[in-house]
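Comments concern the structure below.
Nothing in this text is a laboratory measurement; each read-out follows from the coordinates by a stated rule. All figures in this text were calculated on a predicted structure; none of them were measured in a lab. Using ideal geometry, Cβ is built from the backbone for each residue, glycine included, and neighbour counts are taken over all protein chains shown.
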Amino acid sequence: MDAVTLLPHPRTEVLFESPIPPGTGWPGDPAVPETPVAEDAAQVATLAAAAGDLNDLDALVSVCRACPRLVDWREEVAVTKRRSFAREPYWGRPITGWGSVQPKILVLGLAPAAQGGNRTGRVFTGDRSGDQLFAALYRAGLVNQPTSVDAADGLATKDVRIAAAVRCAPPANKPALDERSTCEPWLTAEWQMIAPSVRVIVTLGGFGWQAALRLLADDLPALAKPKFGHGAVVELASGKQLLGCYHPSQQNMFTGRLTPAMLDDVFTDAATRAGLRR
Ligand code: SF4
């Protein structure tokens with residue numbers, strides 16, 4: 001049997017193997033060794049529907065193994081690692097939603113990054129997209145610090161929750177259709193728990209937009225299906241509002257398709273619409 005390699009968490013210095021076994025002390029790990037594991041789509045649906053609260057749900061999400069291709073990929077990345085992170089343990093598990101349990105704003109993205117969330121265990125944490133996103137949220141007064149480096153860095157928010165439509169890092173950032181469908185009950189359950197407080201949903205990119213349209217199907221105005229665009233706004237029947245924003249990917253930011261000023265406009269607008277600024 002291969003010896004297990006233990007490496008120190010970059011902040012807490014506690015030693016971990018990769019991927020991180022549930023309940024072994026990783027910062028923010030919601031699961032314990034006994035947390036039930038969904039092994040297929042039917043079990044995802046059953047467990048998601050039975051989750052009692054967000055803590056329960058996060059625990060269940062964080063140990064899910066329902067998509068064989070994505071489980072193989074996330075765990076392979078966790079073991080092989082990028083050279084610059086070779087001395088770090090990798091989370092290598094699904095990424096739960098993060099932030100407030102009674103948010104005013106939901107930010108919905110595509111899926112975690114292989115060397116970002118899949119490494120640090122927190123959504124949009126430890127990658128270039130997250131650097132842009134959290135800097136903009138900070139400038140809009142929605143989080144307490146401009147950086148999101150690791151799951152023990154003290155990042156906090158009263159007003160925002162951030163979630164991915166697909167909870168495991170996919171190869172080439174492209175989840176398959178069946179993987180998207182298999183994962184959807186986790187997002188649906190999360191939405192049902194936070195919807196009462198949410199005023200504004202900001203989607204990052206077209207994939208997040210489509211996920212939001214499915215999630216909000218009963219709340220959409222009786223129009224043609226709303227089209228995604230940066231700055232698109234949909235007034236929902238419930239009074240909530242759906243906003244479109246280009247994804248802060250390295251490519252979008254590098255090419256100038258999306259700029260920090262454009263991100264600021266979206267999040268300032270979202271905060272105003274949510275009643276968090278005048
Ligand atoms: Fe489970 Fe979603 Fe990850 Fe598939 S993508 S293994 S459903 S958490």
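Here are some notes:
- Residues of type lysines that K158 reaches as a straight line, Cα spacing below 20 Å, ignoring anything fewer than 8 places off in the same chain: K104, K240
- A straight line joining the Cα centroids of the range 1-42 and the range 245-278 runs 34 Å.
- Computed about its Cα centre, the charge dipole of the chain is approximately 960 debye, with only Lys, Arg, Asp and Glu carrying charge at their Cβ.
- Summed over qualifying helices (DSSP H, 4 residues or more, each -39500 (n - 2.57)) and divided by its residue number, the chain shows a 222 nm mean residue ellipticity of -10500 deg cm²/dmol.
- Lys, Arg +1 and Asp, Glu -1 on Cβ, resulting dipole of the range 179-270 about Cα centre, debye, nearest 20: 200 debye
- Taking Lys and Arg as +1 and Asp and Glu as -1, the other residues whose beta-carbon sits under 10 Å from that of G239 total 0.
- The ellipsoid equivalent to the alpha-carbon distribution of the range 7-273 has semi-axes of 27, 22, 17 angstrom, derived from the gyration tensor eigenvalues as √(5λ) and listed largest first.
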